[in-house]
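K.L.:
Just dropping this structure here.
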Amino acid sequence: MARVGVSVLGGVEARLDAAAVDLGSPKQRALLAALALHRGRAVSTDALVDLLWADTPPAQWATTLQGYVAGLRRALEPGRPARAPATVLVTAPGGYALHVDAADLDAARFDTAVGACHQRLGAPALVTAGPPGGRSPAELEGVIDDLDDALGLWRGTPYGELEDAPAAVAERVRLEELRLVALEDRAVAALALGRHATVAAELEGLTTSYPLRERLWALRALALTRSGRQADALDVLRQVRELLAEELGLEPGPELRDLQTAVLRQDPSLEAVVPVRPTRPAVTPAVPAATSPWPMVGRDAELGVLVTLLDEAAASGTPRFAAVVGDPGIGKSRLLAELTGVARDRDWGVAVGRCSQDDGAPPLWPWVSVLATIGAEPPDASRELHADAGAQFRVWDDIVRAVAGAATARPLLVLLDDLHWADASSLRVLGLLLESVTSGPLVVVSTWRDKPAPEGALATVAEQLSRRHAARVALAGLATADVGEIVAAVSAHRPSTDQADALRARTDGNPFFLVEYARLVDEDADLATLLAEPDPPHAVTDVVSRRLTRLDDATQKALVTAAVVGRDFDLATVSAASGDDEDDLLDAFDVAISAGLVREDGVGRFRFAHALVRDTVYAGTSRTRRARWHARVADALAGRTDRAGEVALHWHAAGPGHAGDAWRADRTAASVAMGVLAFDEAVTALDAALATLPDDPTATPRDEYDLLLDLARAVRAAGDWVRLRDVAHRGITVGQRLDDVVATAEIAMVTSTDALWQPSRHGGVDAFSVQTLRDVLDALPSDDDPLRCRLMLALAGELYYAKDAPAERDALVGEAVAMARRLGDPLLIVQILTQAGTALWRPGTAVRRRELWTEALTLGESLGLGTLLSSVRLLVALSASEFGDVDLLDALSAQVRDEAESRRDHYTLMVLDTLDVSWLTMRGDIELAKERLAHLTGITQKLRLEQAADGLLGAHVSVGMWARDYDAIVPLIEYVATEGVLPADTATISLLGRAGDLDQARRWRAEHEPDLSDVSWYSSLNWALAAEAAAYVDDRDLAARAYELLTPLAGMLAIGGTGCAVGPVDSFLALAAHVTGEHALAARHADDALALCRAWRIPPVEQWLLDQRERYGF
């Protein structure tokens, strides 16, 4: 049966497996939302009527409601036989219920994910004490990543179909409240990573938003000091002193006073202390050795497959890959141990990365172990000035390069065990390795459990392995003869054939189950009696449980504490949590080691022999007792920022009474994730923090806001611009509830920061953000201020597609630029000039935009601004494209590409690819254009940005148009014209004309009125194609309108923003003039256009125009 999924975080949607479901009328959709609101609980018909119609139900509401129910049932269970009972939308006492798994309802998934992540960031250390709590970069960056996926579920207003129904409003508020809180600790983490100038700029606005929050002022002053701006730091401290005196009649607290003294004395304690990368608590190169006391049997063929990969990689000098999959205990790790022995005998290096069974493991944990084994340093995220998707990619790339480099020095076998427990960042590093490493004697073998089937990032890795023709080794149970060999080796009892066959039937031939059974036999000394028991153990956990009961009490207690710590545990933590003497614990662990339940894994380090052993010990303890143990372990790990994820995990497991500890630990863990640019893990952690926050009676709205601001920055760093807007909305709501204008302003601006394109997709206006920005501008003083300057441009950007606000938009841009100049901060001026040009982007502003961006580039080069400077260069290149300055265009494009590729700056590369595809196709280099298009397609899948769809569409059209592959692009444009957001009727008619289907072009024109009223980045392309369309269908009126609009653009390129260029505007002026009967004028325009084609070196466009001249005779 198809799996039903329902989404309500935005317009209600449903899916059957991956296919979208047509939910029918608005009321029918509202009914589904109403049922989903109650999450599987029965909803009375009266309640449904209230939700759907409020006080004005139809006269025959019962019949109408039944009709909607029937319609939904047909949609959600299309294959259900007639009169068979419904299983999804079911009849319940007094009403109806929606039965879908929690994992298939986005609101429930969001709730769960946010709750699971709410534990990671404890109280930060004093700002003058160096790295907070001794945190490493991995811990500092780790604070922001784990929340991405859950917030990515948001597409708009939850349960919007239910409008203002009280139950919907209450749930909407609750959900939106779950998306808000995280600022001070992120600043601390960024400072510890050396990002002083960036933090100073961010905190300037925050101290305005939260003027009575002393710690923000202290952090701002510290950031300024570390940026070499001591005078500014002292001025900031003076401001806060005066503010506190005026508002509260108080002196600054001890931290601010001590900081001021330290700044005046130039105290060395203020200097940046970059933390070292975490070790958890120590990296032990985990190389399994084939030293088990029983033979590996029944796996010769599987081992042979893997050994062959070693041979092939050594002979060809190219990588080989394999995936070993199977049930728990089936022997995946044991097979790798045997392969390790073979590789070492052949003088191969072997590096093993184990994925931790415990959710609290640091991001990239398996790769930290691999790097330690090959003698490479963990990636240094502290060098990154900006925490963004490009920086994250560079960290991943450093890991891949280190592994590939090690393989060139010596053949290398990399073993990645238990990928079903891997964090998303670790899986993406493996994915990057699979994509990019194509040479060197390298073999990478991964293992994971095949049930349930891989999903998410692991499913992506499995697909990538398939594309690299990886060997897939699926392990099944052992045969009867092999069962006998294992039992005989372990227990000194050789079973008969019948006994071995009975054991195989009972254990499914699972090697771990067999070993545990054999040990039980050895303890009982009678296999026949064990097999003849009336209630013999039927599961491996039954066997392990029976063996555990035979241990002494001290050993059982020690194992319980160890199981709470995790599959991997250390003596010091178990001792601190239990209060037991370390020597006594060692005695207990010796007993467990002798029993084969635990093995030593380094000095003071231990590991359960198998995850199933740890699970059995853990499950054998009551939930209440486990919760108490988790709290003790969390206390024992207090202050261990290198194990922040574990601390958060333990506080969550300690129960609701520790909600405050849990969400703060989540925040710490998110900070750690951000420190290693593990943005997904940081987002997950922050989602968990926000989910847990409501359970903490001491939490404040300010805590929620701080978490949301951290989340917004993490989401933006991860490149999820779609979700970012939803996070911003939630943060705005909390900022307004705090009555904090500056806080509201800061989070309202996150969607326009560092953007090369407009903040909304074509035609979109976010009314909520617009009103918020207007309100905060009205509330703030009118004096010159950097925050006000940025707010004006943010509002101008949000108003970009507002047809009734061009004058307001232009005025905002003009005042922001003037204010930036008056303030005199060079960095602010560059930022404002850059963003101003984007807000002004339309055909009539090309000269003004070129002036703004050129000035920004000149000033930016004098400042050495890195990523921002590269963005400005790209904008100047876009301007050169509009004016046909091909030499400048080519020079800047090449420079930007080199810079962006070296930084793995996906956002810049995406914009650049759209531009390159246009010019490559116009120059006739279709093959290279297709390569760029493939690259662009891959980038848009990594960046979650609505506008990327428009850029990708333009690139596809460019390639199809100049390659004359009209069959591929005409249906695409027809769909966009009818269903999309772009006014694409002119493009549809033009492409039909180019394809030679003039009858269809005329039919389309008869049925559609081209919209030429849009004035945006898309306009010059739209107007040019209108002229071409008019020629194909002989539409004099359309041609006249197009000519009037295009005339001021003569001599420029007709292009849709950054992509899909069609040649000089003059070509289309010629066509429009021809249609209106001005043949001499058409000829003059055509002559001008041909001259431009030759100057711009675009022969295919030149040939197309010559064909038009011949066709129409002008």
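The values are calculated or read from the model by the stated rules, or taken from the named source; none is laboratory data. For clarity, every value in this text was computed on a predicted model and none was experimentally measured. All Cβ positions, glycine included, derive from the backbone under ideal geometry; neighbour counts span all protein chains shown.
K.L.:
Suppose we filter the range 55-71 for residues that are touching a Ser or Thr at 6+ places or on another chain (Cβ under 9 Å) and part of a helix (DSSP H, G or I); how many remain? I'd like the intermediate steps shown before the answer.
P.N.:
Filtering the range 55-71 for residues touching a Ser or Thr at 6+ places or on another chain (Cβ under 9 Å) gives 57-58, 61-62, 65, 68-69, 71.
The next check asks that each one be part of a helix (DSSP H, G or I); those that pass are 61-62, 65, 68-69, 71.
Residues meeting the conditions: 6.
K.L.:
Which of the following residues is part of a helix (DSSP H, G or I), at pLDDT 90 or above and surrounded by 16 or more Cβ atoms within 10 Å (Cβ to Cβ): VAL414, VAL400? Walk me through how you get there before you give the answer.
P.N.:
Details: VAL414 fails: part of a helix (DSSP H, G or I).
It is VAL400.
K.L.:
Taking the options THR340, THR318, name whichever one is assigned to a loop (DSSP other than H, G, I, E, B) and either modelled with pLDDT of 90 or more or touching a strand residue (DSSP E or B) at 6+ places or on another chain (Cβ under 7 Å) (or both). Spell out the reasoning first.
P.N.:
Working: THR340 fails: assigned to a loop (DSSP other than H, G, I, E, B).
From the options THR340, THR318, the qualifying one is THR318.
K.L.:
Just to confirm my filter: which helices (runs of 4 or more DSSP H) fall fully inside the range 995-1111 and include at least 3 residues that are touching a His at 6+ places or on another chain (Cβ under 6 Å) and touching a residue at least 24 places away in the same chain (Cβ under 8 Å)? Steps first, please.
P.N.:
On the way: elements: 998-1007, 1019-1033, 1036-1046, 1065-1075, 1079-1096.
Per the criteria, 1065-1075.
K.L.:
Is there any pair with a first residue in the range 20-37 that is over 17 Å from GLU77 (Cβ atoms) and in contact (Cβ under 8 Å) with a residue 24 or more places away in the chain and a second that is assigned to a loop (DSSP other than H, G, I, E, B) and of a type in the set (Phe, Trp, Tyr) whose Cβ atoms are under 8 Å apart and which are 6 or more apart or on different chains, and what are they?
P.N.:
Matching pairs, first to second residue: ALA33/TYR159; LEU37/TYR159.
K.L.:
Just one of (1) touching a Pro at 6+ places or on another chain (Cβ under 8 Å); (2) buried (at least 19 other Cβ atoms within 10 Å of the Cβ); (3) modelled with pLDDT of 90 or more trips up ARG346, so point out which.
P.N.:
Against the list (1) touching a Pro at 6+ places or on another chain (Cβ under 8 Å); (2) buried (at least 19 other Cβ atoms within 10 Å of the Cβ); (3) modelled with pLDDT of 90 or more, ARG346 comes up short only on (2).
K.L.:
Continuing with this model, one more query. Please count how many residues of the range 1063-1089 are within 49 Å of the chain's Cα centre (by Cα) and either surrounded by fewer than 19 Cβ atoms within 10 Å (Cβ to Cβ) or modelled with pLDDT under 95 (or both).
P.N.:
1
K.L.:
Restricting to the range 799-813, name every residue that is modelled with pLDDT under 90 and assigned to a helix (DSSP H, G or I).
P.N.:
PRO806 - this is the single residue of the range 799-813 that is modelled with pLDDT under 90 and assigned to a helix (DSSP H, G or I).
So that you can scan it fast, the table gives a plain yes or no per residue for (1) closer than 12 Å to PRO362 by Cα; (2) small (Gly, Ala, Ser):
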| residue | (1), (2) |
| --- | --- |
| HIS630 | no, no |
| ALA636 | no, yes |
| THR641 | yes, no |
| ALA648 | yes, yes |
| ASP661 | no, no |
| ALA665 | no, yes |
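K.L.:
Same structure again: Pick from ALA619, ALA592: which is in contact with a strand residue (DSSP E or B) (Cβ under 8 Å, 6 or more places away or on another chain) and either over 28 Å from HIS658 (Cα atoms) or not acidic (Asp, Glu) (or both)? Step through it out loud before you land on a result.
P.N.:
On the way: ALA619 fails: in contact with a strand residue (DSSP E or B) (Cβ under 8 Å, 6 or more places away or on another chain).
Sole residue among the options that is in contact with a strand residue (DSSP E or B) (Cβ under 8 Å, 6 or more places away or on another chain) and either over 28 Å from HIS658 (Cα atoms) or not acidic (Asp, Glu) (or both): ALA592.
K.L.:
Of the conditions (1) under 24 Å from GLY763 (Cβ atoms); (2) among the basic types (Lys, Arg); (3) in a helix (DSSP H, G or I), ARG873 clears all except one; give me its number.
P.N.:
Answer for ARG873: the failing condition is (1).
K.L.:
So SER426 clears everything in (1) surrounded by 22 or more Cβ atoms within 10 Å (Cβ to Cβ); (2) in a strand (DSSP E or B) except one condition, right? Which one?
P.N.:
Evaluating SER426 over (1) surrounded by 22 or more Cβ atoms within 10 Å (Cβ to Cβ); (2) in a strand (DSSP E or B) leaves (2) as the failure.
K.L.:
While we're here: May I ask you to verify whether THR207 is in a helix (DSSP H, G or I), of a type in the set (Ser, Thr, Tyr), modelled with pLDDT under 70 and within 27 Å of ALA779 (Cα to Cα)?
P.N.:
On the way: in a helix (DSSP H, G or I): yes; of a type in the set (Ser, Thr, Tyr): yes; modelled with pLDDT under 70: no; within 27 Å of ALA779 (Cα to Cα): yes.
So THR207 fails the test.
K.L.:
Another question, then. How many of the residues in the range 228-262 are surrounded by fewer than 18 Cβ atoms within 10 Å (Cβ to Cβ) and within 17 Å of ALA200 (Cβ to Cβ)?
P.N.:
Going through the range 228-262 one residue at a time, the tally reaches 9.
K.L.:
Go through VAL959, VAL970 for me and flag whichever is crowded, with 19+ Cβ neighbours inside 10 Å and without any contact (Cβ under 8 Å) to a residue 40 or more places away in the chain. Before you say what the answer is, go through the steps one by one.
P.N.:
Working: VAL959 fails: without any contact (Cβ under 8 Å) to a residue 40 or more places away in the chain.
The match here is VAL970.
K.L.:
Let me ask something else. Being surrounded by 21 or more Cβ atoms within 10 Å (Cβ to Cβ), in contact with an Asp or Glu (Cβ under 9 Å, 6 or more places away or on another chain) and either modelled with pLDDT of 90 or more or assigned to a loop (DSSP other than H, G, I, E, B) (or both) is true for just one of ALA816, ALA796. Which residue is that? Spell out how you get there, then give the answer.
P.N.:
On the way: ALA816 fails: in contact with an Asp or Glu (Cβ under 9 Å, 6 or more places away or on another chain).
None of the other options fit; the residue is ALA796.
K.L.:
In this structure, does LEU777 turn out to be in contact (Cβ under 8 Å) with a residue 60 or more places away in the chain, aliphatic (A, V, I, L, M) and over 30 Å from GLY1059 (Cα atoms)?
P.N.:
no
K.L.:
Residue by residue through the range 674-726, note down the ones that are in a loop (DSSP other than H, G, I, E, B), of a type in the set (Val, Ile, Thr) and surrounded by fewer than 24 Cβ atoms within 10 Å (Cβ to Cβ).
P.N.:
As a first pass, look at the range 674-726 and keep what is in a loop (DSSP other than H, G, I, E, B): 676-678, 696-700, 718-719.
Applying the additional criterion that residues be of a type in the set (Val, Ile, Thr) yields 676, 698, 700.
Answer for the range 674-726, where residues must be in a loop (DSSP other than H, G, I, E, B), of a type in the set (Val, Ile, Thr) and surrounded by fewer than 24 Cβ atoms within 10 Å (Cβ to Cβ): THR698, THR700.
K.L.:
Scan the range 648-703 for residues that are farther than 29 Å from THR624 by Cα and among the basic types (Lys, Arg) and jot them down.
P.N.:
Correct list: ARG702 only.
K.L.:
What's the total number of residues in the range 955-978 that are under 21 Å from LEU1105 (Cβ atoms) and in a helix (DSSP H, G or I)? Reasoning before the result, please.
P.N.:
Let us first name the residues in the range 955-978 that are under 21 Å from LEU1105 (Cβ atoms), namely 957-966, 969.
Next, from what is left, pick out any that are in a helix (DSSP H, G or I): 957-962, 966, 969.
Residues meeting the conditions: 8.
K.L.:
Test LEU52 against the stated conditions and say whether it is touching a residue at least 12 places away in the same chain (Cβ under 8 Å) and either more than 17 Å from ASP104 (Cα to Cα) or part of a helix (DSSP H, G or I) (or both). Reasoning before the result, please.
P.N.:
Numbers: touching a residue at least 12 places away in the same chain (Cβ under 8 Å): yes; either more than 17 Å from ASP104 (Cα to Cα) or part of a helix (DSSP H, G or I) (or both): yes.
Yes, satisfied.
K.L.:
Okay, next question. If THR834 passes every condition in (1) surrounded by fewer than 17 Cβ atoms within 10 Å (Cβ to Cβ); (2) closer than 30 Å to GLY1051 by Cβ; (3) modelled with pLDDT under 95 but one, which one does it miss?
P.N.:
Going through the list (1) surrounded by fewer than 17 Cβ atoms within 10 Å (Cβ to Cβ); (2) closer than 30 Å to GLY1051 by Cβ; (3) modelled with pLDDT under 95, THR834 breaks only (1).
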